[in-house]
Amino acid sequence: MLPADDRDVLGADYRKALRDFVADGGERPLHQAYEIGRGALHSGFSMLQLINLHHHSVRTLLQEQPEFRGTIFDKLERTERFLVECLSPFEVLQLGNREAMEALKRLNAILEEEAKRIAHVLHDEAAQLLAAVYLELAELQHDAPASEAVRTRATRITGHLDQVREQLRRLSHELRPPILDKFGLLPALEFLADGYRKRAGLQVTVTGVLAGRLPAAIETAFYRVVQEALNNVSRHAHAHRVEIRIRRISGRVRCSITDDGVGFDHRGLWHRSGDKGLGLVGIQERVSALHGTLDIRSSPNSGTQLLISIPSGKR
């Protein structure tokens, strides 16, 4: 919100340029309108505030110069042309945002394909290498003298290999869980929740009803959003419980993620640096790319709730 003094200056500039254009037309006041629009946009003035300013300026103009009333339609046509010119920077910004969102959607699709490729490498090719190491170790045990020391070391190495195999399996499934592609969003979220129960000790519950499958882009977006939210909870929230609810209502998929952690002051979130802010900014970008909304409800010592809503689209 602009300070009152700045709003007064902007209003005075707007009324003067509008008065000049209504009186004589010409390109100079229109150029001023465009610059006023740029200044308003740069200062955080909303489009609705600018339209309200325009209507107030028109009323003031008619009160101050009643001679204009005799040719009201011609004058109003000029005021509307002036307003359109003033709103041009907002239109340019909107088009830029739309193009950025399309680029973000394409980037997310590329990243998902890359994640799928890496998951395949971890699951299949790395698993084959591990299998070869297991065989080499078994042959080494067979050829080596049958001593207790050799058996002990071989058992210890096998234990390390088992841990590596389990870590690779977990990483490959979290990068791109096959269950998401085969069975859909809810089973994939339950699989994800189970991993956080085991690794982070969080009591994660998943509830919801989704009749049929969602478009792949939406299922992937919700999976990544929940994954990032659980990462934030495990790193920052000091929570014990997380509840995830998801359902499809009136053409939209709605998801809530609620934890009982320490919470935070989210009012300055988008101007904050650090892992937590960046995680939530990433969630916002994923949701926005699908024309969805993100609402964050949190305050210190009262937990956090994320409310996500995305149009369900058509399969």
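Observations on the structure shown:
- Being at pLDDT below 70 and not aliphatic (A, V, I, L, M) is a condition met by no residue of region 29-50.
- Candidates GLU166, GLU174, GLU190 - the one that is assigned to a helix (DSSP H, G or I) and within 30 Å of SER250 (Cα to Cα): GLU190
- Yes/no for GLY212 being in a loop (DSSP other than H, G, I, E, B), out of contact with any helix residue (DSSP H, G or I) (no Cβ under 6 Å at 6 or more places or on another chain), in the same structural domain as THR304 (by TED's automatic domain parsing) and touching a residue at least 12 places away in the same chain (Cβ under 8 Å): yes
- Test for ALA200: is it under 25 Å from the mean Cα position of the chain (by Cα) and within 21 Å of CYS255 (Cα to Cα): no
- A count restricted to region 214-250 and to residues that are under 25 Å from GLU102 (Cα atoms) and among the acidic types (Asp, Glu) stands at 2.
- Residue in region 173-181 that is over 20 Å from the mean Cα position of the chain (by Cα), exposed (fewer than 13 other Cβ atoms within 10 Å of the Cβ) and more than 30 Å from ASP265 (Cβ to Cβ) present: no
- For first residues located in region 20-33 and assigned to a helix (DSSP H, G or I), partners that are β-branched (Val, Ile, Thr) and lie 6+ apart or on another chain with Cβ distances below 7 Å form the pairs VAL22/THR79.
- Residue in region 205-213 that is farther than 20 Å from SER312 by Cα and surrounded by fewer than 18 Cβ atoms within 10 Å (Cβ to Cβ) present: yes
The values are calculated or read from the model by the stated rules, or taken from the named source; none is laboratory data. Remember, it's a predicted structure, so these values are computed and weren't measured experimentally. Heads up, the Cβs are rebuilt from the backbone with ideal geometry, glycines too, and the neighbour counts pull from every protein chain shown.
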